[in-house]
1. For residue 77, indicate whether it is at pLDDT 95 or above and in contact with a helix residue (DSSP H, G or I) (Cβ under 7 Å, 6 or more places away or on another chain).
2. Restricting to segment 1-45, name every residue that is under 15 Å from residue 80 (Cβ atoms) and either touching a Pro at 6+ places or on another chain (Cβ under 9 Å) or among the aromatic types (Phe, Trp, Tyr) (or both).
3. Can you tell me which of 183, 160 is of a type outside the set (Val, Ile, Thr), under 25 Å from residue 72 (Cα atoms), modelled with pLDDT of 85 or more and part of a helix (DSSP H, G or I)?
4. When the residues of segment 1-53 are filtered to those that are small (Gly, Ala, Ser) and surrounded by 17 or more Cβ atoms within 10 Å (Cβ to Cβ), which remaining residue is nearest to residue 69 (Cα to Cα)?
5. Tell me which residues, restricted to segment 33-72, are of a type in the set (Gly, Ala, Ser) and part of a loop (DSSP other than H, G, I, E, B).
6. For segment 151-200, name all the residues that are β-branched (Val, Ile, Thr) and within 19 Å of the chain's Cα centre (by Cα).
7. Please find, among 63, 80, 69, the residue that is surrounded by 20 or more Cβ atoms within 10 Å (Cβ to Cβ), under 13 Å from residue 3 (Cα atoms) and of a type outside the set (Ser, Thr, Tyr).
Amino acid sequence: MKQHLFVCQGLDDIPRWKEAFPHLRRCTPQLARAQAGAGDHVWVVSQIEGWAGLVQTLSQRGAVLVVLAYSPSSVEAFQALSAGARGYAHAFSPAPLLQQVEVVTANQGIWVWPELLAQVVGSTFRALGGEARMRDDALGLLTERERAVALAVASGKSNKEVARDMDITDRTVKAHLGAVFRKLKVRDRMQLILLLSQRSETTSNA
């Protein structure tokens, strides 16, 4: 029977993990090395010393590894995936999201925290020229402030970073972003980035 092993520090709070996987077992790195086998799901908190080595060892054994981070970063995500993890998620993810991560990774997929993925795609958007490669009328449906927020988000910035750079509140950023989503008929940051990237590509090929 497949196990769900959560490798974490003794004081880690795991109610939402237990909600997602009622039969999970919390264990030390030593126990995980001794007990995890092929097909088992092993969730490793990145605060554990030597977590990357543990991920590499267990992934080579055939276990499915997901790294949980309290402060996710693109650098750590790359390290996790390079070590053999199939997933990288926020440690405080709600139970339904953890279950989604399990389904994706159990079926040979890769799951990365959405906001982090948006940052990665945003970096690609910037590398391809970003705003400089867009027509002036590409975002004509937006106000000047909405356009500024949309382009900042597309470049991979978080709401807090946009608020700081534009000297406005987080709530104002969310309001502008909501208006951008409605006007451009996109559901989230990823769709916005993809839309702007497509328009950049169209412009460059014109």
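The values are calculated or read from the model by the stated rules, or taken from the named source; none is laboratory data. All values derive from a computational prediction rather than experimental measurement. For neighbour counting, all protein chains shown are included, and Cβ atoms are generated from backbone atoms with ideal geometry for every residue, glycine included.
1. no
2. Hits for segment 1-45 are 7, 43, 44.
3. Unique residue meeting the criteria: 160.
4. Here the answer is 46.
5. If the condition is that a residue be of a type in the set (Gly, Ala, Ser) and part of a loop (DSSP other than H, G, I, E, B), then 36, 37, 38, 39, 46, 50, 62, 63, 71 are the ones that fit.
6. Of everything in segment 151-200, those that are β-branched (Val, Ile, Thr) and within 19 Å of the chain's Cα centre (by Cα) turn out to be 153, 162, 186, 193.
7. Just one listed residue meets the conditions, 63.
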